[in-house]
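The values are calculated or read from the model by the stated rules, or taken from the named source; none is laboratory data. Computed from a predicted structure; not experimentally measured. When we count neighbours, we look across all protein chains shown, and the Cβ atoms used for this are built from the backbone with ideal geometry, even at glycine. Quick note on the areas: whole protein, heavy atoms, side chains included, nothing else; ligands and nucleic acids left out. Shrake-Rupley method; radii C 1.70, N 1.55, O 1.52, S 1.80 Å.
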Number of protein chains: 4
Amino acid sequence: MSFNTFGRAFRFTTWGESHGPALGATVDGVPPGVALDEAWIQQFLDRRRPGTSKHTTQRREADQVRILSGVFEGRTTGTPVQLMIENTDQRSKDYGEIAQAFRPGHADITYHLKYGHRDYRGGGRSSARETAARVAAGGVAQAVLRDLLPDLRITGYMVRMGALHLDRARFDANAIGENPFFLPDATAVQEWSDYLDAIRKDQNSVGAAIEVLVEGCPPGLGAPIYAKLDTDLAAAMMSINAVKGVEIGEGMGAAALTGTDNADEIRMGNDGPLYLSNHAGGILGGISTGQPIVVRFSVKPTSSITTPRRTIDRHGQQIDLITKGRHDPCVGIRAVPVAEAMAACVILDHLLMDRAQTGGQRGRIGGAPEN
Amino acid sequence: MSFNTFGRAFRFTTWGESHGPALGATVDGVPPGVALDEAWIQQFLDRRRPGTSKHTTQRREADQVRILSGVFEGRTTGTPVQLMIENTDQRSKDYGEIAQAFRPGHADITYHLKYGHRDYRGGGRSSARETAARVAAGGVAQAVLRDLLPDLRITGYMVRMGALHLDRARFDANAIGENPFFLPDATAVQEWSDYLDAIRKDQNSVGAAIEVLVEGCPPGLGAPIYAKLDTDLAAAMMSINAVKGVEIGEGMGAAALTGTDNADEIRMGNDGPLYLSNHAGGILGGISTGQPIVVRFSVKPTSSITTPRRTIDRHGQQIDLITKGRHDPCVGIRAVPVAEAMAACVILDHLLMDRAQTGGQRGRIGGAPEN
Amino acid sequence: MSFNTFGRAFRFTTWGESHGPALGATVDGVPPGVALDEAWIQQFLDRRRPGTSKHTTQRREADQVRILSGVFEGRTTGTPVQLMIENTDQRSKDYGEIAQAFRPGHADITYHLKYGHRDYRGGGRSSARETAARVAAGGVAQAVLRDLLPDLRITGYMVRMGALHLDRARFDANAIGENPFFLPDATAVQEWSDYLDAIRKDQNSVGAAIEVLVEGCPPGLGAPIYAKLDTDLAAAMMSINAVKGVEIGEGMGAAALTGTDNADEIRMGNDGPLYLSNHAGGILGGISTGQPIVVRFSVKPTSSITTPRRTIDRHGQQIDLITKGRHDPCVGIRAVPVAEAMAACVILDHLLMDRAQTGGQRGRIGGAPEN
Amino acid sequence: MSFNTFGRAFRFTTWGESHGPALGATVDGVPPGVALDEAWIQQFLDRRRPGTSKHTTQRREADQVRILSGVFEGRTTGTPVQLMIENTDQRSKDYGEIAQAFRPGHADITYHLKYGHRDYRGGGRSSARETAARVAAGGVAQAVLRDLLPDLRITGYMVRMGALHLDRARFDANAIGENPFFLPDATAVQEWSDYLDAIRKDQNSVGAAIEVLVEGCPPGLGAPIYAKLDTDLAAAMMSINAVKGVEIGEGMGAAALTGTDNADEIRMGNDGPLYLSNHAGGILGGISTGQPIVVRFSVKPTSSITTPRRTIDRHGQQIDLITKGRHDPCVGIRAVPVAEAMAACVILDHLLMDRAQTGGQRGRIGGAPEN
């Protein structure tokens, strides 16, 4: 019944609407003594911030985070960390029509049916603006992980946008931060940019697929049966606005494989098991293997487009609707830092849960170190 | 931290190992006064039962369920329903080697690393045998849904097995129960049977994709942001053994679409909104629209195959392993009733949660009935 | 693991420290469509506000609540309600010494031992100032209850302060709001006032006992076995700062009774069962009977006193400590509105839980209305 | 909404009715590798078993526990431990009348009102027989605590029965196990025995008060604000059948004290803080201090007595009821091992939660060891 809370041992609750005075996250279960300040969290928010390129919404939000509790003299105290982001550029006047009409593909109609009364301004609670609060919470998780798992690296990037696919042979992690698409291939940026420009000029929008790679995750995280690591990652990604599919490792493609193809054979390395492949995406039986964790998800095209669509309003009148406003032509782009934040929260949550149950002890294989 | 519990308002906890004396589910939050007996639950278990065709494991389990609590004079009392299935055909001798060796693609190695000490017999807790307990719990959910949502229909079926795809033009729901593949196309059964025979004779196994269709679900179920209906369905399916991907509606394919393609336009029907398409798979903003809910997931090929695979044992020795025993050549087949059970539990859970928050009240559109 | 969250279906998470920039509550599970504004909540906060009489701390806090989310055009939307109270009169300079020293009877030493790093200013998170956030959350609960249970009345009052006891023969509910002690006996106010003055002038403090009476609660609320109504009320009260005991009905005195004395005999009234006594305090088997619910709890004397006490500091040095600052001589007084708020949250939580499981249906007795 | 589940990191769910085929507990979150067998758990059940003296019910239950899962080769595996106790001496015929009539002081009427349909045999789910399942779960907790906190000692005993009080000057822990009253004073056993005989012969019953002492609990356990150690202990005890009051340390008596009396002054000992008194009962701000934890609770007199009481039946008829059957004249006696079990579960739950958040690190005082 915790509708707006995510996580078990490391938990955050997000609150706030797109055009309310503020939004934020209440983060609970934070280990004490961890260095944390607003600048640290801000770096994550800045990656998600709207208005940074022509490919994202032109809404201008500073997205300045304030820490209202849980941090004293620059370190966490173990009490709830309250993160608040004030909304500054709300322009409610843009959204007059949608007070009455239901945008196709939007939560307008389902919120209306469920709650009867809703904040229609900018989508209210169902707006992707909520993801700013997740990114802030993810910043807290990243601060704790920096201390507890210093070798962990979480990297999100686009692998598909409409007709365009990442050429994995050209994968270059260094390129990701250097272009507005979080694309790990500098040579393809111009093509992606032209493609999206054309989509936008055509009054249209387009879907995307994002991959998150978690490297340096130790084996043993994941709590079968119903808090498996992949289960929680799937829930985390599916909870992001507009996500329609989630994959671990081979994902939906696993349906096409045979057992001989799919087996990740194992050899013995100096430091423990050495896997010859990673079809599993780093998770077996819901528990991390120590290999890189690979999560992929799709984001549907932005539903708010300026091409007219047939719909109804709350009086049951049939209308044609053009959704004006300042919308991303590909909402998938800004889902990248959101997905990284969710992955960080899931990994930390499982690390703490594992500490609770096993105390971090690990089973021994051969002469390999026990932990 | 409830590792083995699923659900919020309608909750079940599964317990038991593949070769222990019994396994089962503790089901809590059951509404009182609902007619329920063992025969009702047994019908669901019988659909999943092993040994019913040459295409599933030859392990012979009666899978007879006993209700130990929560039901009195044929009706639920609102107290926990304990469901127990005794294991009868365990043959532990079959599993001697895997006490030491880690089967590639199995949870053997991750359970060993996490827990140090594990029940290796038949995979212990990580065995797909655990899913019998889910099916039993799903039977309780189905009994309640029969009363509360009499028009609800939950139908699972195979849509892919390795190289073979369901021809959707030939979709026939009546065929599903008439063949060992839960295939909604009687004309393709022979081909699927021959294909799987060949896989099995080749000492191999194969992956699959399953779809679950939920018809008759009212609008308004789903609790944003972190208990969205699609989030919970994704978690439910991903928690099933060997599942590697989950899709809602267009799923991963949404990445390829444009906004004009993807919009589900709306007209006004006699009884409320009428959608002209269902790319969304029946869920918008995490809340059901009233359209059919479409969930799809992939199951990787059975990892236990009789073709030798390279692996290690707990002493760190490198070995070649042939996994003998009685394994399904396509574990995806028996995932069908499991997925239906999980879907039933999710729908009921959300129905009860919605009763808690909104009292089942619905927002009104035009002159449509308020519900 | 939700350390700072209370409730199941109606949940609130409090955050904030005594001398941080703000504190508040994130309230989730709120039914939609309920009229709510800041003025409504403020009336509850004003009853608890410090500095209103010479008998409470002279710290001057406006305790102005702001609603940051979850309310639109004066009604709840079903999304999280964020309540924020800014701290205005913090005077951190008062608290220099306790940065190092552990006040006897305070959480200073246990927070230090558990968390290592703590916000020592004014007790940080362990300050009774946290209870303002509860009162605000309780205001949300009261708004919902006003709609769902219009006949419900929750009344808290002092029944004991040190050597003084309420004379129950003089009980007058109308007097409660007319004196600084929440005392239901106007004739005793002067005596209580003189007594507490003497305590304060003596550099001392004193304990108290508070009773909360819940009238108009329907039968059937409470979820056995581990979410009994009395269990949750006990947890609610014990979670309040300085509370050391909780009683339902006869309370600790039940140990002295015999079965014939204690039985609440039942007759049949026009509208259902009529109980001839209420030793049970309105709860049987964890479920409300429909009789008034009676909860009582003790509050220990304020630990911060200006009489020197022996203690140690964080360097292990033995010192004598006088706790200066602005402390209530009897913290029990201001616990009254806090306890009412907690009772309101528990009742609403159970009302929503009951709606989830039973749909609000009630068993029938004779010709009494079924509900 | 987890009605029948207790705990967070260490969780158990009880199930079963008084006269159903079996009852038990599903225990989740158990650390792996802990030695556990049925004989270990049985010792705790044997202390609670009915029919062991003339002072408890003459129902003869073997209360033999079976472990159905979660233990392999004598050690826990980290998967759910299912504990089942079959009911053998049910004699449903004794309970014919209460199928229709509501026993005063019993949950019969509230279960009827809430659930409509109930198992009336022997009180069904509301029977104190449920506590056998708690004791079994407590046995699992005790096995884990034996490994993790070898110095911990949890001791329950009677301090009051009706008019009789324990003389604390004669407290002798060794006496507790040597008499049917769990009385820590061998010299008073005859008097207590005669007193209870008289009560029973008088067709009556009597209340009791029990104290649980937890020695050797380290400082730092407890998770403010809403999972305080004392909050959880209060909930644990209040959830036991017939309990009406719970106290920590001074308990309700704290209302009578002044701040100078109540302060537990602190000196520096060789191994850390040394408290000069323990009014707090070992808990400050919801966190353990390292002193003995003192919990006390009252149990009302058995409601089932053979003296006729006025009541109604489900048809609304007014009747006089004599409750026959085999009932304890003082149910408080058998609450002693139940309370010990609950205390063990709470302590372990908090130990695991603390491992999750702080990793078991402790703040340092002076030169005292850090952990």
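Could you tell me which of rounded, prolate or oblate describes region C:149-246, using a ≥ b ≥ c as the square roots of the eigenvalues of the alpha-carbon gyration tensor, with rounded for a/c under 1.5 and, failing that, prolate when a/b is larger than b/c and oblate otherwise?
Values: a/c = 3.23, a/b = 1.60, b/c = 2.03.
Oblate is the answer for region C:149-246, as a/c is 1.5 or above yet b/c matches or exceeds a/b.
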Based solely on its DSSP helices, what 222 nm [θ] is calculated for chain D when runs of n ≥ 4 H residues each add -39,500 (n - 2.57) and the sum is averaged over all residues, nearest 500 deg cm²/dmol?
-7500 deg cm²/dmol
Using a 1.4 angstrom probe and counting only protein chains, how large is the accessible area of D:Trp40 in Å², to 10?
70
Which distances, shortest first and in nm, link B:Gly316 to the matching position in the other copies, using label points set 7 Å out along Cα to C-beta?
4.1, 7.5, 8.0
Just by accessible area at a 1.4 angstrom probe, what is the order of D:Tyr275, D:Tyr157 from largest to smallest?
D:Tyr275, D:Tyr157
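Rounded, prolate or oblate: pick one for region C:197-330, where a ≥ b ≥ c are the square roots of the eigenvalues of its C-alpha gyration tensor, a/c under 1.5 means rounded, and failing that, prolate if a/b is larger than b/c, else oblate. Spell out each step's value before the answer.
On the way: a/c = 3.12, a/b = 2.63, b/c = 1.18.
Prolate, because a/c is 1.5 or more and a/b exceeds b/c.
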Residue and distance (whole Å) for the chain C Cβ nearest the axis that superposes C on B:
C:Ala356, 2
Where the centroid of each part is defined by its Cα atoms, how far is region C:34-49 from region B:288-367 in Å?
47
At a threshold of 8 angstrom on Cα-Cα distance, excluding pairs fewer than six apart, so keeping six or more, what relative contact order does chain B reach in percent?
21
Please report the relative contact order for region C:227-288, taking Cα pairs under 8 Å with a sequence separation of at least 6, and give it as a percent rounded to a whole number.
40
Label point 7 Å beyond Cα of A:Lys54 along Cβ direction - residues of region A:188-220 with amide nitrogen under 16 Å
A:189-204
Nm distances between the label at A:Asp261 and the same-position labels in the remaining copies, 7 Å along Cα→Cβ, shortest first?
2.4, 8.0, 8.0
Please find the FRET efficiency linking A:Leu274 to B:Lys201, where r is the Cβ-Cβ separation and R0 is fixed at 30 Å, and quote it to the nearest 0.05.
0.40
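Based on DSSP loop calls and a cut-off of at most 15 other Cβ atoms within 10 Å, the longest stretch of chain C free of exposed trypsin sites (Lys or Arg not before Pro) is what? Numbers along the way, then the final one.
Working: sites that count: C:Lys54, C:Arg60, C:Arg91, C:Lys324.
Looking at chain C, C:92-323 is the longest stretch - no exposed trypsin sites (Lys or Arg not before Pro) with at most 15 other Cβ atoms within 10 Å.
Pop the C-beta distance of B:Val189 and B:Gln318 into the FRET formula with R0 = 60 Å and round what comes out to the nearest 0.05. Intermediate values should be presented prior to the final figure.
On the way: r = 43 Å, r/R0 = 0.71.
So the FRET efficiency works out to roughly 0.90.
Please report, in debye to the nearest 20, how large the charge dipole of region D:5-358 is about its Cα centre when each Lys and Arg carries +1 at its beta carbon and each Asp and Glu carries -1 there. Intermediate results must be reported in sequence, preceding the final value.
Numbers: 38 positive and 41 negative charges, 256 e Å.
Roughly 1220 debye for region D:5-358.
Which helices, counted as full DSSP H runs in chain D, have an axial Cα extent of no less than 20 Å and a Kyte-Doolittle average of 0.0 or above? Please list the in-between numbers first.
On the way: long enough: D:131-148 (25 Å, 0.75); D:335-358 (34 Å, 0.90).
Sorted by number, the helices that extend far enough and score high enough are D:131-148, D:335-358.
First check a/c for region A:1-52, with a ≥ b ≥ c the square roots of the eigenvalues of its C-alpha gyration tensor; if it is under 1.5, answer rounded, and if not, answer prolate when a/b is larger than b/c or oblate otherwise. Numbers along the way, then the final one.
Working: a/c = 2.33, a/b = 1.12, b/c = 2.08.
Taking the square roots of the gyration eigenvalues as a ≥ b ≥ c, region A:1-52 is oblate.
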Cross-link table D:Lys114/D:Lys201; A:Lys244/B:Lys300; B:Lys114/C:Lys228; B:Lys300/B:Lys324; A:Lys114/A:Lys201; C:Lys244/D:Lys54, entries beyond 26 Å C-alpha to C-alpha:
D:Lys114/D:Lys201; B:Lys114/C:Lys228; A:Lys114/A:Lys201; C:Lys244/D:Lys54
Distances from B:Glu73 to the same position in the other copies: list them in nm, one decimal, shortest first, using label points 7 Å from Cα along Cα→Cβ.
5.1, 5.1, 6.8
Rounded to the nearest Å, what's the spacing between the alpha carbon centres of region D:93-147 and region C:117-172? Just the number, please.
33
